[in-house]
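Everything on this sheet refers to the single structure shown next.
We did not get these values from a lab; they are worked out from the coordinates using the rules stated. All values reported here derive from a predicted model rather than from experimental measurement. FYI the Cβ positions are ideal-geometry reconstructions off the backbone, even for glycines, and counts take in every protein chain you see.
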Amino acid sequence: MAKFKIDINANKHFTGELSPVFSVAEARKASQFHKGLQGYEPTPLRDLSSLAEMMGVKGILVKDESYRFGLNAFKMLGGVYAIARLLCEEFGWGIEQFDFDKLKNEVDEKMTFATTTDGNHGRGVAWAAEQLGQNAIVYMPKGAAEQRVKNIRSHGAECIVTDMNYDDTVRMVAEKAQQNDWKIVQDTAWEGYTDIPTWIMQGYSTMAVEAIEQIAEQGLPKPTHVVLQAGVGAMAAGVLGYLAEELGASDLKAIIVEPDQADCIYRSGSSEKGEMINVGGDMATIAVGLACGEPNPLSWDVLRNCSSHFVSVEDKVPALGMRVLGNPLAGDERIVSGESGAIGTGLLAAVHFSDNKAELMQSLNLNEDSVVLLLSTEGETDPVNYRDVVWQGKYSSI
């Protein structure tokens, strides 16, 4: 057995109140838009029945986002939907009638879309701008992996690595955008900037819409639990808003998990009054896509109202998840999952291999009747680190 740092807090602020903005209706609208994109296909939903049996639960279902439009991550779902909505407002179009070719042929003056990213979001924005014939400029915090920079530049975007952390880079880009008349496409909100992050979050919900459709098509049991990883919380809230309404907020156990170096959602959920708590510093976690220290206020309302648990884990946990998914039990399909994508699976595996498994299972309301939905939000977006973890045992749990 192994020892892992796993801090679990049941959400004492839970109300079950649904969001009118992150709803079934809005999620289906975003999903319908994505289905109209050239090359669209739903990403696979993997039924890891052997892993579920080993861990003592009824089912483990994993949405594999490494197949999303050849971009190896889910983030484009938010970026392209937000940019399309922004352009619709700019030119007086309806999102239902959005036409890529019309945009390219009839709009002479190009816009520049600017964003801050740890990698996947920036590539999604760059891809969307490329598809729409627009410009993109992407800033990354210090320590960005070379491959992630190359991925962004491959779509014709300018990519600049700063000497600041993620949250400070966001503030710097906001100032530059105002000075240069760029359109910011960021999945966190601040005063006066809410429409675009709302659209981005609604775009993320397509993953959940697809998952529920696939569960029905494959005759699988509906999830009793969902584990959602959080940076600023945008993806988690966009997905949870839909699932809470679709499956019932009181029936679904929604577990929000973060790396302990950037656990602003966990700390917010642990606060006495449910207020947002920020985390500063370098936030040097292996899960760079989750290395965000300030909750998105649009996200926090949903997560506070509809999550069942907030969890903070050390970096050995996502590393374990990467190895488990990449080396499956007989009968289960292999999933190549990056550091941020594997943290949910890592949590389940760490619980299973812990010497206090029974106590941890009880804390998360997991038992032999539980069906857990996980989102593997990225593939090996940093191939060098992926091999260091999966091949060479970096961040070993032993």
Residue-span extension gain [GLU275 to ALA25] - 0.36 nm each, minus C-alpha spacing: 87.2 nm
FRET efficiency estimate (nearest 0.05) - Cβ-Cβ, ILE398 to SER363, R0 25 angstrom: 0.55
Neighbourhood charge, 11 Å Cβ-Cβ cut-off, centred on PRO295 and excluding it, Lys, Arg +1 and Asp, Glu -1: -4
Environment charge at LEU247 (Cβ cut-off 11 Å; Lys +1, Arg +1, Asp -1, Glu -1): -1
Added length on full extension, which subtracts the Cα-Cα distance from 0.36 nm per residue, ASP108 to LYS58: 12.5 nm
Scattering profile of the chain at q = 0.07, 0.09 Å⁻¹ [log10 I(q)/I(0), Debye over alpha-carbon scatterers]: -0.28, -0.47
Added length on full extension, which subtracts the Cα-Cα distance from 0.36 nm per residue, PHE100 to ASP163: 19.1 nm
Antiparallel DSSP beta bridges within the chain, percent to nearest 5: 25
Residue order, fewest to most beta carbons within 10 Å, for ASP168, ASP195, ASP108, ASP382: ASP108, ASP195, ASP168, ASP382
Restraint check, LYS12/LYS222; LYS35/LYS183; LYS110/LYS176; LYS12/LYS253; LYS142/LYS176, Cα-Cα greater than 22 Å: LYS12/LYS222; LYS35/LYS183
Overall form of the stretch 5-54 per C-alpha gyration tensor (a/c, 1.5; a/b vs b/c): oblate
Charge dipole of the chain about the Cα centre (unit charges at C-beta), most positive-ward option of SER370, GLY122, SER49: SER49
Estimated translational D of the stretch 1-126 in µm²/s (Stokes, Kirkwood radius over Cα pairs; 20 °C; 1.002 mPa s): 117
Viscosity 0.890 mPa s, temperature 25 °C, Stokes-Einstein D of the stretch 207-265 from Kirkwood C-alpha radius, µm²/s: 201
Size of electric dipole in the stretch 76-193: Cβ of Lys, Arg +1 and of Asp, Glu -1, about Cα centre, debye, nearest 20: 400
Over the stretch 76-193, volume per residue of the alpha carbon convex hull, in Å³: 100
Semi-axis lengths (Å, descending) of the ellipsoid that matches the C-alpha gyration tensor of the stretch 195-316: 25, 15, 14
Within a Gaussian network of the chain (alpha carbon springs, distance under 10 Å), most fluctuating of ALA237, ALA73, ALA216: ALA216
Cβ-based net charge around ASP332, under 9 Å, with every Lys or Arg adding one and every Asp or Glu removing one: 0
Span-rule helices in the chain, defined as complete DSSP H runs reaching 20 Å or more along the axis (Cα) with Kyte mean at least -1.0: 76-91
The chain, helix-only ellipticity at 222 nm - DSSP H runs n ≥ 4, -39,500 (n - 2.57), divided by all residues, nearest 500: -12000 deg cm²/dmol
